[in-house]
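For reference, the structure discussed in these notes is given below.
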Amino acid sequence: MAYIIKPLVTEKMTNLSEKENNKFGFIVNPKANKIELKKEIEAKYNVNVVAINTMRYAGKSKQRYTRAGIIKGRTDAFKKCVVTLKEGETIDFFSNI
């Protein structure tokens with residue numbers, strides 16, 4: 001299994017979770033499909049998943065100017081999913097901190 005890499009706790013996802021109380025985001029394995037993600041989320045968090053939306057993000061080229069010259073690099077490409085849960089259910093990412 002192990003298709004979920006980490007929960008997505010950003011300002012944008014937090015606002016979405018507060019506005020629509022049953023949506024949560026995850027960074028997932030780029031090879032995972034919606035069926036595999038649904039099974040893993042339902043097993044791991046003990047919730048009922050209604051819908052999953054997935055998005056692929058390409059890596060971006062970045063460069064910065066330093067005293068030693070230009071340093072070029074690239075951020076990693078990743079896939080994220082937004083999970084819609086059954087009404088009244090929630091996931092608490094901060095319960096075991």
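The values are calculated or read from the model by the stated rules, or taken from the named source; none is laboratory data. These numbers were taken from a predicted model, which means no experiment stands behind them. Cβ sites come from the backbone with ideal geometry, for glycine too, and all protein chains shown count toward neighbours. Surface accessibility is based on the protein's heavy atoms, side chains included, excluding ligands, DNA and RNA. Shrake-Rupley method; radii C 1.70, N 1.55, O 1.52, S 1.80 Å.
At a 1.4 Å probe, what is the % contribution of carbon and sulfur to the accessible area of segment 36-97?
That fraction is 49 percent.
Heavy-atom accessible area of Phe93 with all protein chains present, probe 1.4 Å, nearest 10 Å²?
Only protein atoms counted, so the area is about 40 Å².
Over the chain, with the other protein chains present, what is the accessible area per residue in square angstrom, probe 1.4 angstrom?
Computed with neighbouring chains in place, this is 74 Å² per residue.
Treating the beta-carbon of each Lys and Arg as +1 and of each Asp and Glu as -1, no other charges, what is the dipole magnitude of the chain about its Cα centre, to the nearest 20 debye?
Value, rounded to 20: 840 debye.
Cross-link partners among lysines for Lys86, C-alpha distance below 28 Å, same-chain residues fewer than 8 apart left out?
Within reach: Lys6, Lys12, Lys19, Lys23, Lys31, Lys34, Lys38, Lys39, Lys44.
Return the single residue from Lys38, Lys86, Lys62 with maximal mean-square fluctuation; model: Gaussian network over the chain, springs between Cα atoms under 10 Å.
Largest GNM mean-square fluctuation: Lys62.
Would you work out which of Tyr57, Ser95, Val83 lies farthest towards the positive end of the dipole of segment 56-97? Charges go on Cβ: Lys and Arg +1, Asp and Glu -1.
My answer, from the dipole projection, is Tyr57.
Return the Rg/Rh value of the chain, two decimal places, where both radii are evaluated on C-alpha atoms and Rh is the Kirkwood radius.
1.10
Which of these, Glu42, Glu11, Glu20, has the largest mean-square fluctuation under a Gaussian network model of the chain (Cα springs below 10 Å)?
Of the options given, Glu11 has the highest mean-square fluctuation.
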